[in-house]
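Here is the structure we will look at.
The values are calculated or read from the model by the stated rules, or taken from the named source; none is laboratory data. Only a predicted model underlies this, so the values are computations on that prediction, with no experimental measurement involved. Here the Cβ is made from the backbone with ideal geometry for all residues, glycine too, and neighbour counts use every protein chain on show. Just the protein is used for accessible areas: all its heavy atoms, side chains included, with ligands, DNA and RNA removed. Shrake-Rupley method; radii C 1.70, N 1.55, O 1.52, S 1.80 Å.
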Amino acid sequence: MYAIMILWLLVCLFPLWNLVSTTFSRDSDDLTRTFLPNDFGNGLGKLSYALTALNLIHATADTLGYTVVTILGMIVICSLVAYEFTFYKFPLKGFLYGAILGSMMFPLVLYVIPLYRFVVTLGISDTLLGVAAPLMVSPLSVFILMQFLEDMPLSFVESARIDGAGHFRIFASIVFPLLRNGLITATVLMFLNVWGAYLWPSLATGASIQPMSVTIANMLSPMFYTDPRVKIGAMLLSAIPPLTIYLFFQRYVINGIAMSGVKG
Amino acid sequence: MTNGHPGKPVRPLGFRRYAVNYLGLLPFFALFVAFVLIPLVQGVLMSFTDWSTKLRGGTHFTGLTNYIYILTSGGTSSQRFLKSIVNLLIYVPTTVTIGLAISLILALIVNQFTGRQHGFFRGSFFVPTVLPLFLCTGIWQWYLNSETGLVASTLARIGIGNGVTWSQTPGYAIAVCVIIDIWHAVGFNFVIMSAGIQDISPDYYEAAEIDGATTWQQMRYITLPLLEPILFFVITYAFISALQVYDIPRILTQDTNPNSIGGPNQVMLFPVMEMVRNLHSGDKAGLGRACCEGVMLMFMIMGITAFQFRRRKKKI
């Protein structure tokens, strides 16, 4: 059993180490077996080439831009929906909830063509908002937030109401702060998804916004020659943001994924 | 609403009483209607038209023309789409079966460990899932290159794929997609299954232990049956995700000539790639055809979901 575990551990982690060891190696070394870094100066040169000539700086900034816009939008709209659905009864609630639930059956690829035409018609294609707006509408985030709210006692909301707090006042000053863990979970999952998204950003951007996914994909194209160590270094750089997020928020990521499965 | 105690309406019932609730829902549902519902409905309607980027005279209803063209005409779009479906029929069952088998085996074994070891394995196995798919594709494009890649050169030495350009050779091309998808997706399914296994009450295992059941028997007669609802979710989800395969083959076979996307003889062409090609092709009825292909994918996904619901109902 240990053998299987160690084997899969290698399969998962060795490629990452290999990205590091090959980036920081001499140009003359065999790419198939460079398992230890041996030339740091060369590696730094490749990384700086990737950042400047391949414009990874620009790509990082743009990708971070639309990812942050998506997350901020998602936090506002999805937490409000979760609040209404968890604490209140109102006509059509079941219908509206069912609509969100049902929409999970229809992934973005099914309507990406009309969506793209619509965003172009609105004149917001190739803007941060244009990339982000369709991604904010996240049923998964609504469900994750609702899971966290269900654990919250109804009495908090009721006593606040007796104290005379208004509907949105209760949301902003009581529910939202208590939703911290749920918001972190939804945010990190959203970050990982949007950072890695390729299809939608590649359609919705043009000359001015440069998604990381599209930049790396173009670099990987066999049609243009790129120094293999620059390619590998660029891949290493593009792995840093998601890996950092995962390192710091591992518990939230794993619990969020587990939750989406167990409740689904 | 200020003193609207639950159950004691101070005003006559009516939608106005709930205005604040609807106000809270408004931002989400406004975007939902604009960016999900309308495009979804429009996609279905436009699949029956000659919608195109070039058409200036307006869009006309053409009935089933697009469907008939794509499924039977033998033209470029038709031939490419049918080939992409054939590839899909090979790719989806392969990647789902192998991927889920690996995930399940890992989940069963990892749950034999406890404490820090358990956390370490679980955390490490999830790493490839955290990496963006474009990056996984890049790593394996390198590894599966017969000259510069660790995996392809090692396999070549034992006689597999010697001198083959993996992403351009029939069979190998789909294998590349399967390998990359599995490397990326195993962590996800593993974590869900692992959580499901941990949800099973330890009482069952204690009772089995007392009755002298072996670890293998416990897995076979306790873990697997109790895990069935989760397995079903994971299988359905894996099928639906696999149908949408796009990033991997698109990145591996990109080309400035849109008709070359998917590799020589479309060895690595999948339906979503063909849909996007039609979006940019500028063909007569190009957008209509793309929507039509979207509708066909929609039917496949609805079929899988319906199958899951029926299975679920039977069980209850």
* Which ones in the range A:78-102 are surrounded by fewer than 16 Cβ atoms within 10 Å (Cβ to Cβ), in a helix (DSSP H, G or I) and at the interface with another protein chain (Cβ under 7 Å from one of its Cβ atoms)? -> none
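Hey, can you tell me all the residues within the range B:189-201 that are under 14 Å from B:F113 (Cα atoms) and not polar (S, T, N, Q)? Working first, answer last.
Pass one, the range B:189-201, residues under 14 Å from B:F113 (Cα atoms): B:194-195, B:197-198.
B:A195, B:I197, listed by residue number.
Residue by residue, here is whether (1) at pLDDT below 95; (2) part of a helix (DSSP H, G or I); (3) not small (G, A, S) holds:
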| residue | (1), (2), (3) |
| --- | --- |
| B:N66 | yes, yes, yes |
| B:Y69 | yes, yes, yes |
| B:S77 | yes, yes, no |
| B:I85 | no, yes, yes |
| B:P93 | no, yes, yes |
| B:I102 | no, yes, yes |
* Can B:P271 be described as of a type outside the set (A, V, I, L, M, F, W, C) and facing another protein chain (nearest Cβ under 10 Å)? -> yes
* Subset tally (residues that are acidic (D, E) and more than 27 Å from B:H184 (Cα to Cα)) for the range B:208-245 -> 2
* With the condition kept exactly as written, say whether any residue in the range A:136-143 is open to solvent by less than 40 Å² (accessible area, probe 1.4 Å), aromatic (F, W, Y) and away from chain B (no Cβ under 11 Å). => yes
* Matching option when the condition is among the hydrophobic types (A, V, I, L, M, F, W, C), open to solvent by 20 Å² or more (accessible area, probe 1.4 Å) and within 29 Å of B:V20 (Cα to Cα), among A:L108, A:L64, A:L129, A:L54 -> A:L129
* Asked: Condition test on A:I240, is it within 25 Å of A:L31 (Cα to Cα), of a type in the set (V, I, T) and either touching a Gly at 6+ places or on another chain (Cβ under 6 Å) or surrounded by fewer than 17 Cβ atoms within 10 Å (Cβ to Cβ) (or both)?
  -> yes
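Out of curiosity, is A:G233 part of a helix (DSSP H, G or I) and either open to solvent by less than 10 Å² (accessible area, probe 1.4 Å) or more than 10 Å from chain B (Cβ to nearest Cβ) (or both)?
On the way: part of a helix (DSSP H, G or I): yes; either open to solvent by less than 10 Å² (accessible area, probe 1.4 Å) or more than 10 Å from chain B (Cβ to nearest Cβ) (or both): yes.
For A:G233, the condition - part of a helix (DSSP H, G or I) and either open to solvent by less than 10 Å² (accessible area, probe 1.4 Å) or more than 10 Å from chain B (Cβ to nearest Cβ) (or both) - is met.
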* Asked: Which of the residues belonging to the range A:243-264 are hydroxyl-bearing (S, T, Y), open to solvent by 40 Å² or more (accessible area, probe 1.4 Å) and in contact (Cβ under 8 Å) with a residue 12 or more places away in the chain?
  -> none
* To do: Quickly run through the range B:279-296 and pick out the residues that are in a helix (DSSP H, G or I), more than 8 Å from chain A (Cβ to nearest Cβ) and not aliphatic (A, V, I, L, M).
  => B:H280, B:S281, B:G286, B:G288, B:R289, B:C292, B:E293
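State all residues of the range A:18-35 that are touching a residue at least 12 places away in the same chain (Cβ under 8 Å) and either open to solvent by 80 Å² or more (accessible area, probe 1.4 Å) or more than 9 Å from every other protein chain (Cβ to nearest Cβ) (or both); if no residue qualifies, say none. Reasoning before the result, please.
Initial filter on the range A:18-35 (touching a residue at least 12 places away in the same chain (Cβ under 8 Å)): A:18-27, A:31, A:34-35.
Passing the criteria: A:V20, A:S21, A:T23, A:F24, A:S25, A:R26, A:D27, A:T34, A:F35.
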* Odd one out for A:L110, checked against (1) farther than 23 Å from B:Y246 by Cβ; (2) without any contact (Cβ under 8 Å) to a residue 24 or more places away in the chain -> (1)
* Structure fact -> Within the range B:231-240, residues being in contact with a Gly (Cβ under 7 Å, 6 or more places away or on another chain) and open to solvent by less than 20 Å² (accessible area, probe 1.4 Å) number 2
* To do: Give the residue, chosen from A:S213, A:S208, that is over 30 Å from A:E84 (Cβ atoms) and surrounded by fewer than 22 Cβ atoms within 10 Å (Cβ to Cβ).
  => A:S208
* To do: Working carefully through the options B:V96, B:V191, find the one that is surrounded by 22 or more Cβ atoms within 10 Å (Cβ to Cβ) and away from chain A (no Cβ under 14 Å).
  => B:V96
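Would you confirm, using the coordinates I've provided, whether A:A50 is over 30 Å from A:S138 (Cβ atoms) and part of a helix (DSSP H, G or I)?
Working: over 30 Å from A:S138 (Cβ atoms): yes; part of a helix (DSSP H, G or I): yes.
Criteria met by A:A50.
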* Sole exception among (1) in contact (Cβ under 8 Å) with a residue 24 or more places away in the chain; (2) open to solvent by 60 Å² or more (accessible area, probe 1.4 Å); (3) within 12 Å of another protein chain (Cβ to nearest Cβ); (4) not β-branched (V, I, T) for B:L243, by number -> (2)
* Going through the range B:137-147 one residue at a time, which ones are without any contact (Cβ under 8 Å) to a residue 60 or more places away in the chain and surrounded by 19 or more Cβ atoms within 10 Å (Cβ to Cβ)? -> B:I139, B:W140, B:W142, B:Y143, B:L144, B:N145
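Just to verify a result, which residue in the range B:148-188, among those that are part of a loop (DSSP other than H, G, I, E, B) and either within 12 Å of another protein chain (Cβ to nearest Cβ) or acidic (D, E) (or both), is surrounded by the most Cβ atoms within 10 Å (Cβ to Cβ)? Explain how you work it out, then say what you get.
Let us first name the residues in the range B:148-188 that are part of a loop (DSSP other than H, G, I, E, B), namely B:148-149, B:158-165, B:169-171.
Imposing the further condition that a residue be either within 12 Å of another protein chain (Cβ to nearest Cβ) or acidic (D, E) (or both) reduces the set to B:148-149, B:165.
Values: B:T148: 17, B:G149: 20, B:T165: 17.
My answer is B:G149.
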* To do: Among residues belonging to the range B:35-50 that are assigned to a loop (DSSP other than H, G, I, E, B) and closer than 30 Å to A:P139 by Cα, point out the one that is nearest to the other protein chains (Cβ to nearest Cβ).
  => B:S47
* Given the conditions (1) surrounded by fewer than 22 Cβ atoms within 10 Å (Cβ to Cβ); (2) modelled with pLDDT of 95 or more, report the number of the one that A:P201 does not fulfil. => (1)
